[in-house]
Amino acid sequence: MSDKADDFAPSRRRFLAGAAATGVGAAAVGAGQAAQAATPDPLITEVQDWASGLGDGVDATPYGLPIQFEQDVVRRNVEWLTADTISSINFTPIHALDGTITPQGCAFERHHSGAIELRKEDYRLMINGLVDTPLVFSYADLERFPRENRVYFCECAANSGMEWAGAQLNGAQFTHGMIHNMEYSGVSLRTLLEEAGLAAAGDFKDKWVYVEGADASSNGRSIPLEKALDDVLVAFKANGEALRKEHGYPVRLVVPGWEGNMWVKWLRRIEVMDGPVESREETSKYTDTMEDGSARKWTWEMDAKSVVTSPSPQAPITHGKGPLVITGLAWSGRGAITGVDVSIDGGKTWTQARLGAPGTDKALTRFYLEINWDGSEMLLQSRARDSSGYVQPTKAELREVRGLNSIYHNNAIQTWWVKADGEAENVEVS
Amino acid sequence: MSKFPNVIAGAAVSLALGLPAFAGEYGLGRPALPEEIAAWDIDVSPDGTGLPAGSGDVFTGEEVFAEKCAVCHGDFAEGVDNWPKLAGGQGTLDREDPLKTVGSYWPYLSTTWDYVNRSMPFGAAQTLEADEVYAIVAYILYSNDLVDDEFVLSNETFTDVELPNAEGFFVDDRLESEAHFWKAEPCMSDCKDTVEITMRARVLDVTPEETATTDVAVEQAAATPVAAEPIVEEPAEEPVVAEVALDPELVAKGAKVFKKCKACHKVGEGAKNGTGPILNGIFGATAGVVEGFRYSKPMLAAGEDGLVWNDETLAAFLAKPRKFMKGTKMSFAGLRKERDIEAVVAYLRSFDN
């Protein structure tokens, strides 16, 4: 990083201070009125350096990072959550992104034994168990199978988990940032399983595949064979380029609509089995403890969920009253988003938001609601609906069924308390 | 672990004959050899399928656990800091903040065996012998009051053990128990009479400060000046030593070896104390002086007696930590290869500046 970039280390506080100064002027202008400039703007009337001198040449940045002014749009870690950063998680800055595709460089990471470096040349994928011929593929072999391109969201089962017992973290990045949405290129798992031959598996109905990674955790998970043959991908590219190290380079599993833990990274082995392994990650973790102490297991589908990403605690309103774009993300592991409703009064009344594009299967959908903000407090909520007819529940509704100890699979409606000064806070409402 | 060794044998035969063994239409990949499958197919199922022959008793388990596990999980499997607690918690699952351990929550013993065998110890996975895994698992059972101290766990006795919460799980029933979330017409207006704020995140104040990453690094560097102190004390000597000694290849090799240490020790920009102290500037520093780290008494005493970390002392400590310093908290067994020790020392020296 250059010295220049180091000098420019924007904190949100600094940003807000600046915004407040300009915000006063904007607010004074009022809704629906164009601002009148008192004096000519020197950014227009004076020749600026960038309009006179020269910029960087094409060889300055062989592979580019975002411009220095965006360096606060990064993944963040919540230190107290885990014992260590190696077996831990960080969060996508969803409050600062738009559209639906998550850039790989800021897409959340979750590792159980750290992100490993595995060369394509050293990569092997084994398929064994109840198959006709156990096979080993090299990376080059995988590139010779017919390929598919699909956009899917990947959400950690623990996304919003810290919010089960009450409002805790002040920011959409922290409450809802264990999610990303990428376009994957890869081979369908069905193609690879059929290459090994499934006659030995007999009846598919009661069969499973056990999938594991090459890292020290191996993060093994059992997946019903029917899902494995349905839409699971063995992916090697995301958003057009190689997977990042932290997302499983060179090869990861994509299990559309199902909890992120099953999307095994550094995928090294797939075993067709006649039962689930009941591994650590599907028994002691990623199971949902109910109020009576019993626990739900195999809660794979991520139910419909949404969140307003702006305004939100990390993305306050800085322009005063008048035209305001309310925007957010919605998704469902059970199908496509069919609609999103937004409430500014804590759920008394709802307005249907505009979808940035029609919802697609198991992928993020962007929504917008453009309003003329009168500058008064709002209790901002969004509510997703999906193609299965599911409607995103309130926290109270979820707790009624599951109690307070579930940790995982919290898809409740989120509330931001937007105050008159534009600042927002994570709250719960009755 | 496959229950169908005949399939594997079949593949081996066709390979030996040089015949294509492919079932699929693309003819890509190659048959997996039995040795390869044996090396990777190590999963263990609840009925014990996949367990290798072997055994271990509680007493042995206690020793192995103290040496290889206790640094994170505690001597009695009670957990250190935020690291997982493996024992206790029975009867807490229906309370606020249930304690989920092998004894209170895990349904199958096979899960414990499989996980210890494939992923532990943290930072040195797949280094345990089968008998050690049996012994560790036996000790975890003992720590949970599930077996007595005479107990021996083996592939023979394995399925005799049933964990207390084996019946505590049920398969996802959301389609029934949450059927009311599938609504024909969600409410759009007059959905409730009043709305009150019942809880605020700001009251808890647990959200990380939102500063740019560069700011964070600067703050942390400022907060840990102790590591740099020895350099300040000997300004004339230090830079010279650092310049001559460091071979970049050796440093690179040291970075690799250091992976064995990383679970507990952090080094470099933004490093913080973890299970072990940060190691920035450790070369040339007096023992036991990293601020904010709770050292063992012997380590503190050694520092007061003038122990300074240099090539000789570090090499001796890293070769056999507990021989060099009886009573150290560092539970690492030691680096066997001299070359690895040299490399790690070079790597640590590269963080002196």
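Considering segment B:49-77, and only residues there that are touching a Ser or Thr at 6+ places or on another chain (Cβ under 7 Å), assigned to a loop (DSSP other than H, G, I, E, B) and surrounded by fewer than 18 Cβ atoms within 10 Å (Cβ to Cβ), the residue that is farthest from the other protein chains (Cβ to nearest Cβ) turns out to be B:GLY54.
Residues considered: B:VAL290, B:VAL344. Of these, the only one that is under 22 Å from the mean Cα position of the chain (by Cα), assigned by TED's automatic domain parsing to the domain that holds B:LYS260 and not acidic (Asp, Glu) is B:VAL344. Say we look at segment B:248-265 and pick out the residues that are of a type in the set (D, E, K, R) and at pLDDT below 85; which of these is farthest from B:VAL289 (Cα to Cα)? Checked segment B:248-265; the qualifying residue farthest from B:VAL289 (Cα to Cα) is B:LYS256. For B:ALA124, the stated conditions do not hold, so it cannot be described as under 20 Å from the mean Cα position of the chain (by Cα), among the small types (Gly, Ala, Ser) and either modelled with pLDDT of 95 or more or over 12 Å from B:CYS69 (Cβ atoms) (or both). Here the condition is being part of a strand (DSSP E or B), within 9 Å of another protein chain (Cβ to nearest Cβ) and more than 14 Å from A:ALA165 (Cα to Cα); of A:GLU370, A:GLU425, it holds for A:GLU425 alone.
Look at B:GLU167 and say whether it is farther than 28 Å from A:ALA216 by Cα, in a loop (DSSP other than H, G, I, E, B) and more than 8 Å from chain A (Cβ to nearest Cβ). Answer is yes for this residue. Within segment B:258-285, how many residues turn out to be crowded, with 19+ Cβ neighbours inside 10 Å and either not in a loop (DSSP other than H, G, I, E, B) or not assigned by TED's automatic domain parsing to the domain that holds B:ASN310 (or both)? Total meeting the criteria: 0.
Among the residues of segment A:325-347, write down those that are polar (S, T, N, Q) and part of a loop (DSSP other than H, G, I, E, B). Step through it out loud before you land on a result.
First pass over segment A:325-347, keeping only residues polar (S, T, N, Q): A:327, A:332, A:338, A:343.
Correct list: A:SER332 only.
Give just the number: which of (1) under 25 Å from B:THR49 (Cα atoms); (2) surrounded by fewer than 21 Cβ atoms within 10 Å (Cβ to Cβ); (3) under 18 Å from the mean Cα position of the chain (by Cα) does A:TYR286 not satisfy? Of everything listed in (1) under 25 Å from B:THR49 (Cα atoms); (2) surrounded by fewer than 21 Cβ atoms within 10 Å (Cβ to Cβ); (3) under 18 Å from the mean Cα position of the chain (by Cα), A:TYR286 misses just condition (2). Picking from residues in segment A:349-367 that are away from chain B (no Cβ under 14 Å) and small (Gly, Ala, Ser), the one that is surrounded by the fewest Cβ atoms within 10 Å (Cβ to Cβ) is A:ALA357. Within segment B:92-112, at least one residue is among the basic types (Lys, Arg) and at pLDDT below 95. The residues of segment A:185-204 that are facing chain B (nearest Cβ under 8 Å), crowded, with 23+ Cβ neighbours inside 10 Å and not charged (D, E, K, R) amount to a single one, A:ALA196.
Restricting segment A:205-227 to residues that are part of a loop (DSSP other than H, G, I, E, B) and within 9 Å of another protein chain (Cβ to nearest Cβ) leaves a set whose member that is farthest from the chain's Cα centre (by Cα) is A:ALA216.
Here's the yes/no breakdown for (1) within 27 Å of B:THR49 (Cα to Cα); (2) more than 7 Å from chain A (Cβ to nearest Cβ); (3) out of contact with any helix residue (DSSP H, G or I) (no Cβ under 8 Å at 6 or more places or on another chain):
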| residue | (1), (2), (3) |
| --- | --- |
| B:GLY79 | no, yes, no |
| B:GLY89 | no, yes, yes |
| B:THR92 | no, yes, yes |
| B:ARG95 | no, yes, yes |
| B:LEU99 | no, yes, yes |
| B:THR112 | yes, yes, no |
| B:TYR115 | yes, no, no |
| B:ALA124 | yes, yes, no |
| B:LEU128 | yes, yes, no |
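The values are calculated or read from the model by the stated rules, or taken from the named source; none is laboratory data. Just so it is clear, the structure is predicted and the values come from calculations on it, not from any experiment. So basically every Cβ, Gly included, is an ideal-geometry build from the backbone, and we count neighbours across all protein chains shown.
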